[in-house]
1. When only residues in the stretch 337-391 that are over 30 Å from residue 428 (Cβ atoms) and assigned to a loop (DSSP other than H, G, I, E, B) count, which is modelled with the highest pLDDT?
2. How many of the residues in the stretch 141-166 are in a helix (DSSP H, G or I) and touching a strand residue (DSSP E or B) at 6+ places or on another chain (Cβ under 9 Å)?
3. Please work out if residue 52 is over 19 Å from residue 106 (Cβ atoms), at pLDDT 75 or above and among the small types (Gly, Ala, Ser).
4. Would you mind listing the helices (runs of 4 or more DSSP H) fully within the stretch 406-520 where at least 1 residues are within 19 Å of residue 384 (Cα to Cα) and at pLDDT below 90?
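The values are calculated or read from the model by the stated rules, or taken from the named source; none is laboratory data. If you're wondering where the values come from, they're calculated on a predicted model, not measured in any experiment. Here the Cβ is made from the backbone with ideal geometry for all residues, glycine too, and neighbour counts use every protein chain on show.
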Amino acid sequence: MLPISERQAFFYTILILIITILIGYLTKGSFILIGGLVIGIFMTAFIPGKRSTLIVSLISAMLIILFGIIYEVDMTSITTIMPQLIRLLVILVALIVVNHLKKLYTDIRTDKTHMTSLFENATEGIILTDKEGKIILINPAAEKMFGYNAIELFGNTVEVLMPVAFKQDHVIQREGFYKSPSNRAMGNGRDLFAKRKDNTEFPVEVSLSHYRERNEMYVIAFIVDITHRKEAERKLIQQKKELERVTDQIRKLNAELEGKVEERTIILKEALQKLEMSQKELSEALDKERELNEIKGRFVSMASHEFRTPLSTVLSSASLLSKYTAAEDQEKRNRHIEKIKSSVKHLNDILEDFLSLGKLDEGKVESHLLDFDLENFIHETVDEMRGLLKNNQQVIIEHSGETKIHSDKKLLKNIIINLLSNAIKFSDEGALIELKSKVNGSEATIQIADNGLGISKEDQEHLFTSFFRGKNVTNIQGTGMGLHIVKRYIDLLNGTVTLQSQLNKGTTITFTIPVNQSQK
């Protein structure tokens, strides 16, 4: 608190200013004027705020100027103006000093207010003791915690707040702390207890701090009542023990259950395996049935077209032959006879394909290996087929490597005839067909390439299945079994086949067979 009240300070300031003005007037602006004005400014140090000091300082400066005017001070002479400037400077210095003092006082009072608020409102108990361990200050939280009024504890040693069992040891520890003080927590892993006024004990957590004032040491103890925490810890330990007991029971039950589950799992696994086998068999049966239905559909479509067309031709030509009875109609009769022969041959080819496929499905086709000249064999086979070539079509034969091979001559001939027939059939007149063969060690590679219609990417996936024909060859005779039979023959020879084709650019079929090992 201020030594005098604000009202008193205001009254004394006005009084000093009035007395100073009177004396200054009577003494014609003597040095007493400046002294009184400075005293008036310093009196405002007891009035809060900067406004009062500023007002009094301005009044003082105006009085100095006024007195200078009244007593006709020569403002042009340095010797007369200098005292006036010094007086104004003194007023300014007084203003600055008083405002600084006010700020220092305000800061001190604010810090004191904060410290008091912190001490009074802290939720922790705070006890301040002197170098002898006597309590000299205690906050409200500590009063409530221990059940004492502050006056009851002042002058008593801190041991009054401890259970009897801890008092003697604490005196020794306190003396040791004063000899070597440090900020630390008490207990070091031990449970600490305090005693209330009613002698009930409760667990606490204590932290110590110290400071020196006027070469005297003071110790601050921060105390927290941890009763609820300890109770929670006790319940947690109890729950942990109960959990361990339940866990042991569950572990035993799990062991028993695992045995039963393992037994049931084995039974279930066996049942699943049987179910999977049944599903697999059912899936395979469905796939076979679906494939069979597709084959049947393609066969019906093929048969309805491939059988009906030549039979219609035979019927039509036979009917017309009966009308050409004159000798001059011989040329017409010959033309229809050729049509009948061609249709019969086509039907014969279809039946041959059916017979070949039937023999393959029944496993009646076997390979018979022998030694023969591959190059001569290819030339002979091509010569046999030259009658099928369209107008100006050519077959170019190219062979490299050894000529002698060990393989099945009949199967190989059927493969080449089928592939070469397709190349001729799906190529235009004047087209060039290439047949290349190569023997490299234990393998022979034969390639037949044409520049015909080609096969779409979509159709290439199904070419080696039975009764399948590309969408772009529906107007050309065929059963859709040729490539399927070729693939079956190549499989019998333990060979492989690949196909490359582009629409309207031609097709290249390459197959490789072993030529010097025993065949199955």
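1. Here the residue is 368.
2. Within the stretch 141-166, residues that are in a helix (DSSP H, G or I) and touching a strand residue (DSSP E or B) at 6+ places or on another chain (Cβ under 9 Å) number 14.
3. No, not satisfied.
4. 409-425, 482-492
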